[in-house]
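Working notes, beginning with the structure itself.
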Amino acid sequence: MGKKYIPDFTDSQKEKVIKKLNPISSRACNNNLFWSPNQESYSGNYYGYSLKRSKLNHCNFKEAIFDHTSFAGSILNDLTFSNDCKFESVYLENCVLTNVLFSPNINNCSFFHSYIKDCSFNSKELRGNHFDGCYIDNCLFENCKIRATIFDGSYILNSNFKNCNMNNLNIEFASIQNCTFDGSSVSYFQLPYIIGVFDNITPESDFSVSLNQKQISIFEYFKNIDESIIYFTSLQEFFPLANLYYVIGKKDIAYNCLEAGINHALRNNNIRMVENYCKLGQFYNLIQISDIQRFLKNVDKRVESQRQSSMYHVLLIQAYRLKASLAENTSKSKLEITVNTNITEANFQQVGVFCQELDNIILTVMSKKVTTSYQLSHNSPFEICITCVGITADLVTVSGFIYSYISRRMTKKPILSQEVQDYIENSNKMFIQSLHNQFDSFESLMDKTQKSQQKPIIEDFRGKIISATVDQITKDFSLIVSQ
């Protein structure tokens, strides 16, 4: 496709207009005119400025004032905000923050739905901030007093809260994976609302719980965990109860709490809580595919029953979000396979047949262990993207059956040359041997590693196996189709 015509203007025309409009004098200009490509340090008063969609790399801010300043939609990489900066009421919604060091106190700031990776928060205090819906990876919160701050719905992994006072932190419904809390404390009443927290702390952890202005060790908390169960039972708070029953090994009761909580949430049109219950159930493998299908059917019925209500459209949006969240399932691995078909719009029903047959295979091979979803392109013939969610070993097994099925269904019926057949056979033998070698190395490494340090090794190994398997399948498909 050729380039589309877009009018341009001479440099003199542009300079004349820019001089007339003088955008630098406007705090609401939404531009990057303040930032020079090669400047390494900035200071100044940015009170009330709109710096939306800024792109900043490799620079420092010293003695800078950020007060009611907006960085919404910005990409900030390798930045340092020194401790002599003011950082208050700063808006960082929908940003990408990588390798950013925050040293000043951070007060009343918003990080809604931002991607935050390899960042350090060395502030003495984080107060009144919003990290709702953030993806936080490999970050460090050190020596911070974190209060009146919200992490609701965030996904936090590979991160360390070191010597942090989180007694007045709202971290309900955040998902925690492979995180440490050395020397930190959290409220007694917040702890069981965190998804995955009991996979990250043990009675031996250097972690304490705040109760009635006292600090009790996590060991003491586990010792008296029945008191917490009785307390939340008295309130009919089913979410913390599911978490607590799971940690003491009563998974059947934990499942009953999840179902009771979902039913209660639906009666109150609270689909957001249905999502939280399902996320908890998925994280701990308490719910199966059949449960998810039943929950979603009940959600659809509830939404439909509110069609004449003024909140119908809100419920509809929440239902769509719930379905997307369950399909994403960030606590598990994903396998994505894209299939180019010869199915045209005239034979659209064949797409449904194709997907149904794949579902039948997956349910037969991995019943209740792998969730499958499909996306169709708008092209003709159709392109089908298959997304399978589950643990790594199950996905490796499923991928082989999907590969075999699609190979049989290929209408092109390619005749492979002996050279290609030999290559595929030898390549797959080498791949299997490579897997064996990786498993041997993994087993050896795990034997030498303390249990508390094994999670990052497992995650790295899981990612490598999934990546290698997908690459091998893609390579085989490419060789066959090219024939």
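Only the coordinates and a few stated rules stand behind these numbers; no lab work does. None of the values given here were measured: they were computed from a predicted structure. All Cβ positions, glycine included, derive from the backbone under ideal geometry; neighbour counts span all protein chains shown.
Worth pointing out:
- In the chain, taking the dipole from charged Cβ atoms about the Cα centre, the farthest positive-side position among Asn165, Phe34, Phe131 is held by Phe34.
- The protection proxy used here, the mean number of other Cβ atoms lying within 10 Å of each residue, ranks peptides 46-55, 277-286 as follows, highest first: 277-286, 46-55.
- Average Cα contact separation per residue, segment 145-233, under 8 Å, 6 or more apart, as relative contact order %: 22
- Using a Förster distance of 22 Å, the FRET efficiency for His68-Phe34 (Cβ separation, nearest 0.05): 0.85
- Global geometry of the chain, whether rounded, prolate or oblate, following the gyration tensor of its Cα atoms and the 1.5 cut on a/c: oblate
- Share, in percent, of DSSP beta bridges within the chain that are antiparallel, nearest 5: 25
- One chain, two ends: Thr202 and Tyr135. Fully extended at 0.36 nm per residue, the span grows by 21.7 nm beyond their Cα-Cα distance.
- Here's the picture: charge each Lys and Arg Cβ at +1 and each Asp and Glu Cβ at -1 in the chain, and of Tyr245, Val398, Leu316 the one pushed furthest to the positive end of that dipole is Leu316.
- Projecting the Cα atoms of Gln306, Leu97, Gln215 onto the charge dipole of the chain (Cβ charges, centred on the Cα centre) puts Gln306 farthest toward the positive pole.
- The chain, relative contact order [Cα under 8 Å, separation at least 6], %: 5
- Residue order, fewest to most beta carbons within 10 Å, for Leu169, Leu316: Leu316, Leu169
- Entry note, the chain: the mean residue ellipticity at 222 nm calculated from DSSP H runs of n ≥ 4, each adding -39500 (n - 2.57), is -13500 deg cm²/dmol after division by the residues and rounding to the nearest 500.
- Separation in nanometres of the label points that stand 7 Å from Cα toward Cβ, at Arg307 and Gln450: 6.1
- Length gained when the stretch Lys162-Ile216 is fully extended (0.36 nm per residue, less Cα-Cα span): 17.7 nm
- Subtracting the Cα-Cα distance of Asn268 and Asp226 from their residue separation scaled by 0.36 nm leaves 12.3 nm.
- Basic side chains Lys and Arg get +1 at the Cβ, acidic Asp and Glu get -1 at the Cβ, and with that the dipole of the chain about its Cα centre reaches some 1220 debye.
- Note on Lys4 and Cys385: with the Förster distance fixed at 22 Å, the Cβ-Cβ geometry gives a FRET efficiency of about 0.20.
- By the count of neighbouring beta-carbon atoms within 10 Å, fewest first, His130, His436 end up ordered His436, His130.
- Order of Val17, Val339, Val186 under a 10 Å beta carbon neighbour criterion, fewest first: Val17, Val339, Val186
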